[in-house]
Every structure is written in structure tokens, then in C-alpha cells.
Ligand SMILES: C[S@@+](CC[C@H](N)C(=O)[O-])C[C@H]1O[C@@H](n2cnc3c(N)ncnc32)[C@H](O)[C@@H]1O
């Protein structure tokens, strides 16, 4: 992704902050641990990947994740890290995200330095940063593509998804990422039994997700957040 970088900057603690949306890109406590709690566990991914692998024939089985807001790629990297530990031969992950304000590779790389445990995977992602808008095979069981453009225009290009990461900055500061029409599109692009997870438990976001058709539940939030939400298309 090569467009001009957005007005993102590092705060005094070295954490990436968006002036445009007046919000950090991830939790100030630990963005990787937040991703694991909110998005990976919130969508019950380790369990679902294991269950998929226990089915008699995993050959050609695909698990599709959709993300709204690619940012630095941290969520993708933590997902890839956990997926590599659990997956069995024949299982495939496809991760499709959307980003309207692509970061420069240097900015993403600087932000990702906070997680040396992701270092080797980050390096592989950053090497190919300028080609992320084309579908790419990051290893023989993992595919990534980042659609570049506004979420409202791009969401219609998503295929059916098994699990959604709703990660679009605070709803109060970026209501477009949490609007009723957008979340209806997310629901329509979810398989039956598909799920979503998000760090916000804002009442109007919850209601938009319920109106779209999801069963929504509150769960314990990450860090200082009391609640997050997760849900399922029945
Ligand atoms: C909280 S950050 C996402 C963090 C990211 N998932 C990560 O792992 O680094 C939210 C992202 O949504 C993007 N975004 C905000 N509004 C958008 C819009 N209308 N369309 C597309 N992307 C948008 C921002 O540029 C930002 O990268």
C-alpha cells in the first residue's frame, strides 16, 4: 500500500495514535494481548480451528476471517501466529481486511517493534507491504488481502466470512465504521454460525448489530474495559 500516510503519530509511550480519529490503534496496555482476548478468543477461533481439524476430511477446508480496519496488521499477525500453532495439514486460513488510510510500511514497522515475539512474521508482512492489495499467499496455508478504500464501498466485495474483527476506532469518534447499513452488510456476508467480536460494548453499536440479525452477548473486556461484545449469526 503506497498512498500518502495518514496523520498517525507515536505518543510519548511509543504507541501509534491517530490524530484524525483521536484514538490509539490498539490498547495502551498491550495490543497483542488485546487482539488475542477480543478478536481471537471473542470469536472462539482456537476451538473452532481445532474442531474443524477433527472433522474427518480437512483437505481443502477454508476458514475465512474478515476485518474492518487493517491498520498496522497487528491483528493479522497475532492471528497468523496462533493459527500456525493449531492448524493441521489441509486446513487453510484466508484473512481479508479493508483499510481506508493505509500506513507507510515504516510506521507499521515501528509500531510492531513492541512485539518481538511477532518479529519474524512482521518482517515477512512488511517485506510485501506494498503488494497487500493483491491476494497473497503468506505460507502454504495462509492467505491475506487488504482492500484499499472506504469501508462502505469495500464491504460489498467481501465473500462469506466465518469470523469478523470489528476494529474501526472508537464508535464515538468514527461512527461510519459502526453504522446500521454497514453492519447489515457484515451480517449478510457471514456464514450461518459465523461470528463477530469487538472491543466496544457501546449500546447503539450493540443495537445496530442486533437489528442486522446477530445474536449479541456481552463478555468481559480487555484491560480496564469492563465489557466487550461478541455475537453469532444463527
Ligand atoms: C483501530 S485501527 C485498526 C487496528 C488494526 N486492526 C491493527 O491490527 O493495527 C482502525 C483502522 O480503521 C481504519 N479506518 C477508519 N475509518 C475507516 C473507513 N471509513 N474506511 C476504511 N478504513 C477506515 C483506520 O485507518 C485504522 O487503520
Unmet requirement for residue 11, which otherwise passes all of (1) more than 29 Å from residue 184 (Cβ to Cβ); (2) within 14 Å of the chain's Cα centre (by Cα): (2)
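Would you pick out the residues in segment 185-231 that are at positive phi and in contact with a helix residue (DSSP H, G or I) (Cβ under 6 Å, 6 or more places away or on another chain)?
Here is the first cut: in segment 185-231, the ones at positive phi are 193, 213, 223.
Listed by number, the list holds a single entry, 213.
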Could you grab the pairs with beta carbons closer than 6 Å, sequence gap of 6+ or different chains, first residue in segment 8-19 and part of a loop (DSSP other than H, G, I, E, B), second one within 13 Å of the ligand (Cβ to nearest atom)? 11/17; 15/24; 15/28; 19/7
Return the pairs, sorted by first residue and then second, in which the second residue is away from the ligand (no atom under 16 Å from the Cβ) and outside any helix (DSSP H, G or I), the first residue lies in segment 30-52 and is touching a residue at least 24 places away in the same chain (Cβ under 8 Å) and under 16 Å from residue 231 (Cβ atoms), the beta carbons are less than 6 Å apart, and the residues are 6+ apart or on different chains. 42/230; 43/195
With respect to residue 163, determine if the residue is away from the ligand (no atom under 13 Å from the Cβ), modelled with pLDDT of 95 or more, part of a strand (DSSP E or B) and within 30 Å of residue 51 (Cα to Cα). yes
Kindly check whether there is at least one residue in segment 43-55 that is within 14 Å of the chain's Cα centre (by Cα), closer than 28 Å to residue 127 by Cα and within 14 Å of the ligand (Cβ to nearest atom). no
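Of everything in segment 211-232, what is more than 17 Å from the chain's Cα centre (by Cα) and either surrounded by 14 or more Cβ atoms within 10 Å (Cβ to Cβ) or touching a residue at least 24 places away in the same chain (Cβ under 8 Å) (or both)? Give them in sequence order. Outline the logic, then answer.
Initial filter on segment 211-232 (more than 17 Å from the chain's Cα centre (by Cα)): 211-220, 223-227.
Once the filter is applied, which keeps residues that are more than 17 Å from the chain's Cα centre (by Cα) and either surrounded by 14 or more Cβ atoms within 10 Å (Cβ to Cβ) or touching a residue at least 24 places away in the same chain (Cβ under 8 Å) (or both), segment 211-232 yields 211, 212, 213, 214, 216, 219, 223, 224, 225, 226, 227.
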Residue identified as at negative phi, touching a strand residue (DSSP E or B) at 6+ places or on another chain (Cβ under 8 Å) and surrounded by fewer than 19 Cβ atoms within 10 Å (Cβ to Cβ) among 89, 116, 135, 102: 135
Give the number of residues within segment 64-89 that are touching a helix residue (DSSP H, G or I) at 6+ places or on another chain (Cβ under 8 Å), away from the ligand (no atom under 13 Å from the Cβ) and either farther than 29 Å from residue 187 by Cβ or outside any helix (DSSP H, G or I) (or both). 2
Conditions (1) more than 16 Å from the chain's Cα centre (by Cα); (2) not in a strand (DSSP E or B): number failed by residue 155: (1)
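The values are calculated or read from the model by the stated rules, or taken from the named source; none is laboratory data. Predicted, not measured: the structure shown is a model, and the values here were computed from it. FYI the Cβ positions are ideal-geometry reconstructions off the backbone, even for glycines, and counts take in every protein chain you see.
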